[in-house]
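So the structure is just underneath, and the comments pick up after that.
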Amino acid sequence: MTRRDPQRSLSVPVRLVGDGQFEWSAVVPASDLTPDYHADSLRIADIEVPPGTDVCVDVTLERISGGLSVAGEVAAAWRGPCARCWITLDGEARAHVREVFTVTPSEGEQYLLDPELVNLVPMVREAVLLELPIEAVPCPHAEPCPNLPDELVQSADESPHGSTEAADPRWAALDVLRDRR
């Protein structure tokens with residue numbers, strides 16, 4: 001196995017793999033993973049990998065019958081709002097990849113292998129997007145969150161408008177369970 005210093009490219013010359021294995025490390029800006037026709041950054045709802053953020057790729061390419069196997073890890077920092085108080089939170093998307101590149105790929109199952117270069121961009125982009133949180137990101141603070149504005153902080157027995165209301169009899173059984181805590 002040959003070890004290379006991190007590169008700034010996700011295009012790996014096939015000749016470097018030869019008949020065995022080849023390790024490839026790359027650190028590229030997230031904007032390199034955005035197709036020209038899509039000006040947006042890597043984003044799922046409110047969670048994004050900012051365009052200037054580095055995406056780290058550390059993979060091993062191995063010659064297999066009919067193509068190449070690429071296995072390793074992809075990591076990128078993400079940023080998004082808290083689900084309760086909307087403060088900005090940071091996290092890391094880390095994906096383990098194991099994919100096949102062939103000259104005649106099956107759609108959705110394999111990636112296209114050019115005879116001269118292995119283009120890792122589609123694989124890395126998909127791996128990062130699949131690891132981004134798709135649900136609201138929970139705040140690290142316990143409830144009630146200290147970052148909530150006063151008008152949003154409510155006691156358990158107050159309505160959103162500040163007045164106390166009689167409990168709905170349809171929820172009485174659940175109110176008993178809440179009172180046990």
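We did not get these values from a lab; they are worked out from the coordinates using the rules stated. Quick caveat: nothing in here was measured; it's all calculated off a predicted structure. Backbone-built Cβ (ideal geometry, glycine too); neighbour counts: all protein chains shown.
Odds and ends about this structure:
- Peptides 55-68, 117-130, 11-24, ordered by how many other C-beta atoms sit within 10 Å of their residues on average, highest first, read 117-130, 55-68, 11-24.
- Computed over the stretch 11-131, relative contact order equals 26 percent, with contacts defined as Cα pairs under 8 Å that lie 6+ residues apart.
- Here the extension length gained between Ser65 and Asn119 equals 17.6 nm, from 0.36 nm per residue of separation less the Cα-Cα distance.
- Label positions at Val176 and Glu109, each projected 7 Å from the Cα along the C-beta direction, are separated by 5.5 nm.
- Spin-label model, Ser25/Arg98: points 7 Å from Cα along the beta carbon direction are separated by 2.3 nm.
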